[in-house]
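Presented below is the structure to which this report refers.
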Amino acid sequence: MEPWLRGLYDAEGMRAADRWATRDQGVDSLALMEAAGAAVAETVAGCAPEGPVRVVCGKGNNGGDGLVAARLLRQMGFPTEVLLLWPADSLSADAGANLRRLEPATIFEVDGDIAPRLAGSGAVVDAIFGTGFSGAPREPAAAAIEAIGAAKEGGAAVVACDVASGVDAATGEVAGAVVEADVTVTFHGAKVGHFVAPGKWATGELVVAPIGIPAGAPEPAAAGVIEEAVLAMLPRRGAQSTKFSSGQVTIAGGSRGLTGAVRMSSTAAIRAGAGYATVAVPADLEPAFEAAEVEVMSKGIAGPAGRLGSEAADELLAAFERAAGGVLGPGLGRDGDSLALVREVAPRIEAPLVIDADGLNAFAGQLDRLAARRAPTVLTPHAGELGRLLERDSAEIGERRLAAAREAAAWSGAVVVLKGDDTIVTDGERVAVNAVSSPGLATAGSGDVLSGMTAALLARGLEPFAAACAAVFAHARAGQEAARRVGLVESVIATDVIAAIPAGLRPADRVE
């Protein structure tokens with residue numbers, strides 16, 4: 001795990017930490033459950049529920065955490081009831097031990113519709129499934145999850161134990177009914193499913209509670225959240241730096257009506273520290289670039305009017321000869337001949353290369369053609385583009401974001417940046433997730449900004465996975481800063497994000 005990633009557990013990693021604590025260190029499993037339940041109870045109490053608390057329990061240890069919370073909430077003075085979805089004699093050993101510590105009058109085995117039991121709740125604790133859950137909930141859990149949703153609509157606060165039931169903690173996938181928690185209290189360490197959509201949307205506010213697992217437990221290694229420390233790797237210019245040693249970037253693309261994409265990508269590249277940027281664009285559109293981008297060089301590529309065509313392959317390759325990083329695709333258009341050009345030149349460009357926008361569409365169903373590239377490749381699709389690459393519906397990509405990104409990385413040999421509020425970066429093995437929420441980036445052109453920033457960091461010498469992670473993190477921070485400057489998230493445009501790139505790249509402790 002890179003030092004600039006905050007590790008996230010999957011189900012197996014969390015089981016390993018639990019086993020290490022109980023088997024190797026002699027920690028009492030009931031003590032761990034007591035601490036977990038106490039953290040949940042404190043969180044529920046902090047919600048100040050106006051009405052009784054109902055704790056909906058499964059039969060595993062997650063249910064046991066809920067049982068502890070119920071007992072402690074009653075001790076705090078909150079009227080609390082336990083609703084068991086399965087018979088009491090089916091509970092795990094530790095859960096059963098905690099059931100026996102509760103007053104029998106507060107325990108109800110649900111046989112039939114649970115919704116009436118949840119009516120009028122001030123808070124509902126979801127203690128149905130834990131980190132080991134995967135797949136779609138079956139009855140009676142599915143009906144209980146739907147009833148919890150109805151209670152939330154009625155005004156109840158919903159607090160989930162460890163993971164919102166219905167979320168796969170290892171992937172963030174949701175295959176059926178899911179609890180949409182207001183707060184999730186997770187134990188010892190955060191899980192992948194808390195940060196990857198759609199599980200992210202079910203998590204609500206995330207509270208990570210220590211439960212007594214000693215220091216030295218197995219570290220989380222399934223994935224990591226990108227942290228600000230990634231920016232410390234960025235090289236700094238010194239007295240002997242030149243525009244060439246600071247990194248040369250070439251951006252190729254553009255077509256009639258789509259010139260803005262190349263302009264934004266190239267401007268973002270120099271704002272992200274590239275010392276020299278060149279755009280390779282259709283020759284008849286070159287004057288538009290020369291007039292608009294005074295800091296960026298331009299090279300007109302001969303060919304059909306208003307677009308790049310396949311006959312320009314050698315000329316386009318020559319434009320990348322001195323590049324230390326490049327971008328292929330912004331504003332290219334979907335003309336079949338232009339896409340054929342991309343398929344021809346991308347495997348032959350010898351510089352580290354970011355492929356974005358219509359450059360990605362050129363490889364729909366043909367990602368394996370990129371595996372032959374000798375230089376690093378970074379792909380930056382959104383869900384629709386990744387769907388085309390993998391020949392699947394974008395909705396399917398949205399349901400299995402992590403798996404889809406990993407598959408594309410394995411097939412192409414590239415680092416894949418699957419864009420979204422939970423942007424995922426993976427080379428097929430390492431996985432990083434962005435946790436800097438930046439709704440202002442939901443605007444046309446923000447992806448072009450990201451591609452230019454990524455190419456600049458590649459040109460400045462960062463390893464491809466690190467370059468992609470640093471660009472994603474800085475891009476999200478720039479989006480936040482842009483929203484702050486303009487005063488309204490909905491008013492952010494891509495050029496606002498470009499102007500905020502320096503703030504996005506600057507570590508908090510860096511003083512100029």
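Here E109 clears all of (1) crowded, with 17+ Cβ neighbours inside 10 Å; (2) closer than 20 Å to S165 by Cα except the condition numbered (1).
Of all the criteria given as (1) in a loop (DSSP other than H, G, I, E, B); (2) over 15 Å from L505 (Cα atoms), the one not satisfied by A274 is (2).
Looking at A88, A97, A70, can you tell me which residue is surrounded by fewer than 20 Cβ atoms within 10 Å (Cβ to Cβ), under 22 Å from A147 (Cα atoms) and in contact with a Leu (Cβ under 8 Å, 6 or more places away or on another chain)?
Testing whether each residue is surrounded by fewer than 20 Cβ atoms within 10 Å (Cβ to Cβ), under 22 Å from A147 (Cα atoms) and in contact with a Leu (Cβ under 8 Å, 6 or more places away or on another chain) leaves just A88.
Go through region 40-63 residue by residue and tally those that are in contact (Cβ under 8 Å) with a residue 40 or more places away in the chain, crowded, with 24+ Cβ neighbours inside 10 Å and not in a strand (DSSP E or B).
Taking region 40-63 as the starting set, the residues that turn out to be in contact (Cβ under 8 Å) with a residue 40 or more places away in the chain are 40, 43-44, 47, 49-58, 60-63.
Subsequent filtering for residues that are crowded, with 24+ Cβ neighbours inside 10 Å retains 40, 44, 53-58, 61-63.
Those left that are additionally not in a strand (DSSP E or B): 40, 44, 58, 61-63.
Residues meeting the conditions: 6.
All of (1) surrounded by fewer than 18 Cβ atoms within 10 Å (Cβ to Cβ); (2) within 27 Å of I501 (Cβ to Cβ); (3) not hydrophobic (A, V, I, L, M, F, W, C) hold for S298 with one exception: (1).
Considering only residues that are assigned to a helix (DSSP H, G or I) and farther than 21 Å from G66 by Cβ, which ones fall in region 171-196? Show your work before the answer.
If we filter region 171-196 for residues that are assigned to a helix (DSSP H, G or I), which is where we start, we get 192-194.
Once the filter is applied, which keeps residues that are assigned to a helix (DSSP H, G or I) and farther than 21 Å from G66 by Cβ, region 171-196 yields only V192.
State all residues of region 103-158 that are among the polar types (S, T, N, Q), touching a Lys or Arg at 6+ places or on another chain (Cβ under 9 Å) and within 27 Å of H194 (Cα to Cα); if no residue qualifies, say none.
S121, T131
Of the helices (runs of 4 or more DSSP H) contained entirely in region 331-446, those carrying at least 2 residues that are in contact with a strand residue (DSSP E or B) (Cβ under 6 Å, 6 or more places away or on another chain) fall at 401-412.
Scanning region 222-271 for residues that are farther than 30 Å from D10 by Cβ and assigned to a helix (DSSP H, G or I) yields a total of 13. When E290, E286 are screened for being within 19 Å of V345 (Cβ to Cβ), surrounded by fewer than 21 Cβ atoms within 10 Å (Cβ to Cβ) and without any contact (Cβ under 8 Å) to a residue 24 or more places away in the chain, only E286 passes. Screening L332 against (1) surrounded by 14 or more Cβ atoms within 10 Å (Cβ to Cβ); (2) closer than 24 Å to A277 by Cβ; (3) over 28 Å from the mean Cα position of the chain (by Cα) leaves a single unmet condition, (3).
Within region 7-22, restricting attention to residues that are touching a residue at least 24 places away in the same chain (Cβ under 8 Å) and within 16 Å of N61 (Cα to Cα), the residue that is surrounded by the most Cβ atoms within 10 Å (Cβ to Cβ) is M14.
No lab work stands behind these numbers, since they all come straight from the coordinates. Here the structure is a predicted model, which is why all the values come from computation and not from measurement. FYI the Cβ positions are ideal-geometry reconstructions off the backbone, even for glycines, and counts take in every protein chain you see.
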